[in-house]
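I have placed the structure first, in the form of structure tokens, so that the comments after it can refer back to it.
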Amino acid sequence: MISPVTPASVAGARFWRTTFSWRNWPAWLALTLCVMLTAGLWHQMHRNARQFAVTRLQLIGGQVATHIRDRLQAHEQILRAGAALFSVMGEVNRTQWRDYVRLLALDERYPGVQGMGFARFVPALDRQAFEASVRAEGFPDFRIRPEQERDVYSAIEYLEPFTGRNLAAFGYDMLSESTRRSALHRSIETGQPALSGKVTLLQETHGKVQAGVLIYVPVFRPGWPVETVAQRWQALKGWVYSPFRMDDLMTHVLSGYFDRVVIDIFDGDAISPGALLFSSNGNSAGRLTGSALQTLLSIPAMGHQWKVRVAPEAGFFNRGEPMAEISFVLAGGVISLLLFFMVRFLRFRGDEAEALAIRMTHEIRAEEQKSNELAQRTRAILDSVVDGIITIDERGVIESLNPATERIFGWSANTLAGQSISVLMPAEQAHQYDQYLRDYFASGVASVIGNGCELEGIRRDGSVFPMDVAISEILIDGRRHFIGVVRDITERRRVEKMKNEFVSTVSHELRTPLTSIGGALGLMAGGALGEVPASIKTLLDVALSNCQRLTLLINDLLDMEKITAGKLELDMQCHSMPALLESAIVANKPYADPLNVCLVLEYCDPVTVRVDALRFAQVMSNFLSNAAKYSPPQANIYIKACHVGNHVRVSVKDQGPGIPAHFQSRVFEKFSQADSSDQRQKGGTGLGLAITRELVERMGGRVGFETAAGQGTTFWCELPVQPSDGGLSQAS
Amino acid sequence: MAELQKILYVEDEPDIRAVAQLALEMVGGFTLKVCESGMQALQEGEAFHPDLVLMDVMMPEMTGPMTLERMRAMPGMAQIPVVFMTAKVQPAEVAQFKALGALDVIAKPFDPMQLANQVRKVWESHGG
């Protein structure tokens with residue numbers, strides 16, 4: 001399956017191609033440099049941070065060491081004080097020691113110390129007596145432990161507080177254990193307080209076993225020489241000492257640091273599990289590989305050495321620091337990428353602009369081609385059209401015209417371009433046309449625009465011809481142009497004229513014999529030649545009335561032809577409406593009587609109208625005869641003339657069947673009569689209403705009708721009323 | 001006012017001539033001289049001394065108006081009133097005929113029973 005290639009995917013593929021092409025090296029260079037810079041800066045940042053951390057750690061380490069040292073010193077001092085008590089008092093009994101230690105309130109002042117005690121130095125000879133004296137104090141089971149024979153013994157005689165764990169140490173000979181012994185010996189050798197190495201105290205009777213240390217301060221008999229080691233051994237009474245459970249002690253001393261650092265205290269110089277005295281975090285095994293960041297301090301104390309290792313704990317680092325580093329790296333990365341794409345963009349901007357230009361050019365060309373083709377097609381249509389098409393501007397200057405126009409008018413397009421349109425019309429019509437345009441611009445009302453009309457055109461050879469012109473208006477760029485479609489209707493006119501003349505000729509020809517027939521019949525029927533027998537008279541009447549019918553038909557045809565040819569002449573005079581109606585009724589009575597209908601004048605407003613009396617009579621005859629024709633027997637026909645506004649409406653109402661709906665639109669058309677299934681023959685030419693409408697409109701009025709099925713019909717015509725001072729009496 | 005007695009009637013169509021002659025003589029009681037053409041009217045009309053000339057317009061060779069013109073050139077007939085008979089009775093047409101010198105125009109087709117009255121009316125309305 002071939003994946004569809006869309007413009008987007010093509011563009012995308014090209015994008016990646018150019019990105020990774022060798023021409024894109026500046027962008028890659030920029031990216032590399034930027035990344036390297038970021039890396040370098042980050043590294044530096046990291047190192048600085050590291051450095052800072054180290055410094056902080058060292059600072060804390062220093063503080064920790066100082067704390068430890070101070071505490072040890074404090075305890076040293078307290079023990080010295082204890083030893084001083086012995087020296088001063090010579091002898092201190094149990095009760096005195098108890099009180100003394102109690103008064104020191106060590107728990108309050110220096111919590112973490114397991115106790116404070118006195119271990120007597122007991123040479124072998126004095127052992128029995130010593131044990132006895134202690135038993136005598138109330139400890140019947142007291143003996144120096146371990147019990148093996150040795151040259152010298154020591155025994156823990158006092159240990160306050162003498163409760164709990166401390167009871168286990170009562171009578172213990174600390175010389176019997178090597179670590180303790182070396183510290184004890186050291187204290188005599190130096191004559192100074194001595195700190196022991198790591199021991200497991202006897203007090204580890206229950207609970208978690210802690211590492212322990214002891215501090216010994218020798219007590220000498222007062223006054224005895226103590227310059228040399230040997231002398232000191234001679235003068236030795238015992239040691240004042242304190243055991244320390246390291247966890248207990250250090251927790252009290254250092255707890256404030258535990259959230260920030262892990263503190264490990266090692267006995268001596270070595271970092272080994274065996275030497276671990278204290279670890280603030282308990283995972284001593286895991287940590288002893290040494291973390292990246294740590295500081296080591298040595299604390300010499302009382303002839304011994306502790307190594308303190310301080311490493312960062314969770315709370316050591318500011319929350320912000322790693323975040324800052326990450327943000328920095330991210331920012332650096334983003335900037336690098338941006339830089340990369342920017343350089344790439346700049347590099348290929350030219351290429352892409354060019355590609356875009358080419359693409360756009362293609363598109364434009366394609367569009368141009370399309371519109372060219374369209375223009376060509378339109379041009380071909382215009383060129384082949386039979387009617388002339390002319391474009392003019394607002395001022396009536398010809399802008400363009402098609403070949404048909406050239407043919408119609410006989411001018412070439414080049415000659416006509418730039419001329420006024422009036423060169424194509426006879427003089428007075430050109431003037432009229434200008435007037436049309438002026439009116440249109442002034443009022444916006446188009447009489448010629450948008451409608452077709454028949455004007456006269458003038459050809460190059462001066463001949464005038466009739467033309468049918470349809471004008472429309474368009475807006476281009478906000479300017480008005482008019483487009484006229486011109487058709488030479490000379491031929492059409494000729495044919496029409498021929499037809500009309502034919503009708504006229506035929507009608508005239510028909511009239512002549514009719515005159516004779518009608519005349520002859522009229523004479524006979526009128527008795528001019530003598531009495532006529534009734535039967536003959538009947539037939540004569542029949543013939544005569546039909547003759548009259550024919551005459552009417554011909555008159556109608558000729559009227560229609562005159563109207564169509566525009567040759568109808570009206571003799572417009574002012575007449576009084578009542579008089580007009582009066583004579584109409586009289587004239588039509590002979591028609592109505594035989595049909596048994598009665599003409600009733602309801603009322604007539606006394607107005608004056610300007611009409612051709614004969615033609616008005618013709619209109620009234622038309623209305624009245626139609627009404628009579630369609631009235632049932634013994635019906636009435638109601639005539640009235642109402643003055644409404646500046647018009648008078650003359651209406652003729654019959655009581656006939658009304659005009660059927662399907663016929664109503666064709667009432668005033670030529671040769672139309674309602675399709676009747678009525679019994680009575682309707683007669684008539686079918687031209688009456690058409691002629692009536694033309695006549696009334698030519699006299700400045702309108703015609704119309706109202707009808708309802710079964711309720712009769714009212715035909716009306718409206719004519720303008722003349723002011724009562726009478727109008728002009730010129731023929732229109 | 002003098003009475004209308006003698007009418008010179010000029011009409012080329014024989015049938016119409018026959019009808020009109022009957023209408024005027026029988027119905028109207030006039031004394032008629034009937035001519036078939038304008039030419040004949042010019043030749044024979046003067047001798048008849050008609051009171052009125054009733055003449056068709058559409059005639060071959062010499063139309064009614066042409067005949068009228070000639071008549072006016074003849075001293076013996078110049079003063080005799082002429083009434084045209086024609087189908088062209090539009091006002092302008094009537095005015096045109098009158099301008100030529102006709103007294104009036106009677107419409108064709110005519111009602112033979114009324115023709116005599118029409119002629120008499122025309123005679124009377126123009127003072128005889």
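Worth a mention:
- Relative packing of peptides A:404-414, A:238-248 - highest average C-beta neighbours within 10 Å first: A:238-248, A:404-414
- Set the Cα radius of gyration of segment A:46-89 against 2.2 N^0.38 Å, with N its number of residues, and you get 2.02.
- Taking A:Ser631, A:Ser182 and counting other C-beta atoms within 10 Å, the order from fewest to most: A:Ser182, A:Ser631
- All Cα pairs of segment A:63-110, percent lying beyond 12 Å: 68
- For segment A:556-635, the calculated P(r), taken from all Cα-Cα distances in 10 Å bins from zero up to the bin holding the longest distance, is 17, 41, 31, 11, 0 percent.
- Charge dipole magnitude, Cβ of K and R +1, D and E -1 - chain A, Cα centre, debye nearest 20: 3040
- Taken residue by residue and averaged, Cβ atoms of other chains lying within 10 Å of the Cβ of B:87-99 number 3.
- Violating pairs (Cα-Cα greater than 23 angstrom) within the set A:Lys497/A:Lys562; A:Lys670/B:Lys108; A:Lys629/A:Lys653; B:Lys6/B:Lys88; A:Lys567/B:Lys98: A:Lys670/B:Lys108; B:Lys6/B:Lys88
- Per residue of B:17-29, other chain Cβ atoms within 10 Å of the residue Cβ number 4 on average.
- Per-residue shielding of B:68-79, expressed as the average number of other chain Cβ atoms within 10 Å of the residue Cβ, stands at 0.
- Share of pairwise Cα separations in chain B, more than 25 Å, in percent: 13
- Quotient of the Cα radius of gyration of segment A:47-147 and 2.2 N^0.38 Å, N being its number of residues: 1.68.
- From the C-alpha gyration tensor of segment B:5-76, square roots of 5λ in Å: 19, 15, 8
- Comparing segment A:1-110 with the 2.2 N^0.38 Å rule of thumb, its C-alpha radius of gyration ratio is 2.86 (two decimals).
- Förster radius 25 Å - calculated FRET efficiency between A:Lys497 and B:Ala92, Cβ distance, rounded to 0.05: 0.80
- Legend: Rg and Dmax of segment A:518-591, from Cα coordinates, 17.5, 48 Å.
- Taking all pairs of distinct alpha-carbon atoms in chain A, Kirkwood radius in angstrom: 41.9
Coordinate-derived values only; no laboratory data. Predicted, not measured: the structure shown is a model, and the values here were computed from it. Note that each Cβ is placed from the backbone with ideal geometry, even for glycine, and that neighbours are counted across all protein chains shown.
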